[in-house]
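Data block below; observations after.
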Amino acid sequence: MTGVLVLAGTPIGDVADAPPRLLTELAQADVIAAEDTRRLRRLTQALGVAPAGRVLSYFEGNEAGRTPELVEALTGGARVLLVTDAGMPSVSDPGYRLVAAAVEAGIRVTAVPGPSAVLTALALSALPVDRFTFEGFLPRKAGDRGRALAEIAAEPRTMVFFEAPHRIAETLAAMARAFGPERPAAVCRELTKTYEEVKRGPIGELAEWAAEGVRGEITVVVGGAPPAPPAQLTPAELAALVAGREAAGERRKEAIAAVAAELALPKREVFDAVVAAKHTP
């Protein structure tokens, strides 16, 4: 029988946030693949868990080479636990390559849900969270970063980004240029840790605040682009919309009301357009 790959979320700050199942998996896994074995050791010591399985490093630098080794262990029946430094594997952290390889090999993949900087920042941002996108880390080079932001400037959903403290000021300044300085945003710093801070406001103001220096792990939440203003239609175009509805069987009064509601216009404006069209040769 083949083994199982377990993706486990780890605390993003407060160790007490570790889910109970994480302790069980750490104690019982045959192999633990960790982004940083030293941080894993500190985590297990803080949780009072003694891993019985083999511990391997699994990070960006050796991910490609170590994935086949882990898949071989899985096909041999091992229970492999994948953990990263904080949060859920694969979310801007190692994991995707191993998950894809395991699925291709017909190996079962499951997860231990845990803390997430993305969801925590969204919840604390006070911005709409019914629809959102996760953009991860932006490109480091200014030109590439500016182009990436320009591509999503019209995104209507709330956006979540990760950023390093030494780049946050220039990133916020670039966002202010791409999205406009009044776009609402929140900078979430050191989530769940002792010095947790959430700074909310227009991006332009947040960029000025960050210019003084910001420390810690940072997640940025940016409000989506406001809806574009409705197109300005000529009276003749408004009358044509009403005429089309009349041709489909609507009464004129109902057609005028429907067009006005669809375009967020006063009914009187649409009515006047219809009357003007009747008197236009």
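The values are calculated or read from the model by the stated rules, or taken from the named source; none is laboratory data. Predicted model only: the values in this text are computed from it and were never measured. Neighbour counts run over all protein chains shown; Cβ positions are idealised from the backbone, glycine included. Each accessible area value is taken on the protein alone, full model and side chains, heavy atoms only, with ligands, DNA and RNA left out. Shrake-Rupley method; radii C 1.70, N 1.55, O 1.52, S 1.80 Å.
Structure summary
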quantity: Residue match in the stretch 207-215 (condition: surrounded by fewer than 20 Cβ atoms within 10 Å (Cβ to Cβ) and in contact with an Asp or Glu (Cβ under 6 Å, 6 or more places away or on another chain)); calculated: no
quantity: Hey, V242 within 30 Å of T171 (Cα to Cα), out of contact with any Gly (no Cβ under 8 Å at 6 or more places or on another chain) and open to solvent by less than 80 Å² (accessible area, probe 1.4 Å) or not; calculated: no
quantity: Top-ranked residue of the stretch 71-122 - restricted to ones that are assigned to a helix (DSSP H, G or I) and within 19 Å of F137 (Cα to Cα), ranked as most open to solvent (accessible area, probe 1.4 Å); calculated: Y96
quantity: Selected residue (only one of A16, A86 is in contact (Cβ under 8 Å) with a residue 60 or more places away in the chain, within 20 Å of T192 (Cβ to Cβ) and among the aliphatic types (A, V, I, L, M)); calculated: A86
quantity: Hey, E151 over 16 Å from G223 (Cβ atoms) and either touching a residue at least 40 places away in the same chain (Cβ under 8 Å) or among the charged types (D, E, K, R) (or both) or not; calculated: yes
quantity: Check on V275, modelled with pLDDT of 95 or more, open to solvent by 30 Å² or more (accessible area, probe 1.4 Å) and not charged (D, E, K, R); calculated: no
quantity: Answer from K253, K193 - the residue that is assigned to a loop (DSSP other than H, G, I, E, B), modelled with pLDDT of 90 or more and more than 22 Å from E170 (Cβ to Cβ); calculated: K193
quantity: Of the criteria (1) within 41 Å of the chain's Cα centre (by Cα); (2) open to solvent by 60 Å² or more (accessible area, probe 1.4 Å), which one E269 fails; calculated: (1)
quantity: Criterion: small (G, A, S), open to solvent by 20 Å² or more (accessible area, probe 1.4 Å) and within 19 Å of G224 (Cβ to Cβ) - qualifying residue of A174, A150, A169; calculated: A150
quantity: Which numbered condition G13 fails, given (1) open to solvent by less than 40 Å² (accessible area, probe 1.4 Å); (2) in contact with a helix residue (DSSP H, G or I) (Cβ under 7 Å, 6 or more places away or on another chain); (3) assigned to a loop (DSSP other than H, G, I, E, B); calculated: (2)
quantity: Any pair with Cβ under 6 angstrom, 6 or more apart, that starts in the stretch 182-194 at a residue that is open to solvent by 40 Å² or more (accessible area, probe 1.4 Å) and ends at one that is β-branched (V, I, T) and part of a loop (DSSP other than H, G, I, E, B); calculated: T192/I12
quantity: Flag for A142 being in contact with an Asp or Glu (Cβ under 8 Å, 6 or more places away or on another chain), open to solvent by 50 Å² or more (accessible area, probe 1.4 Å) and more than 16 Å from V198 (Cβ to Cβ); calculated: yes
quantity: The listed residue being within 15 Å of I203 (Cα to Cα) and modelled with pLDDT of 95 or more, out of F161, F132; calculated: F161
quantity: Count of residues meeting criterion [without any contact (Cβ under 8 Å) to a residue 60 or more places away in the chain, open to solvent by less than 60 Å² (accessible area, probe 1.4 Å) and part of a helix (DSSP H, G or I)] in the stretch 24-40; calculated: 4
quantity: Among the candidates L56, L47, residue that is surrounded by fewer than 20 Cβ atoms within 10 Å (Cβ to Cβ), closer than 25 Å to L191 by Cβ and either modelled with pLDDT of 95 or more or touching a Lys or Arg at 6+ places or on another chain (Cβ under 9 Å) (or both); calculated: L47
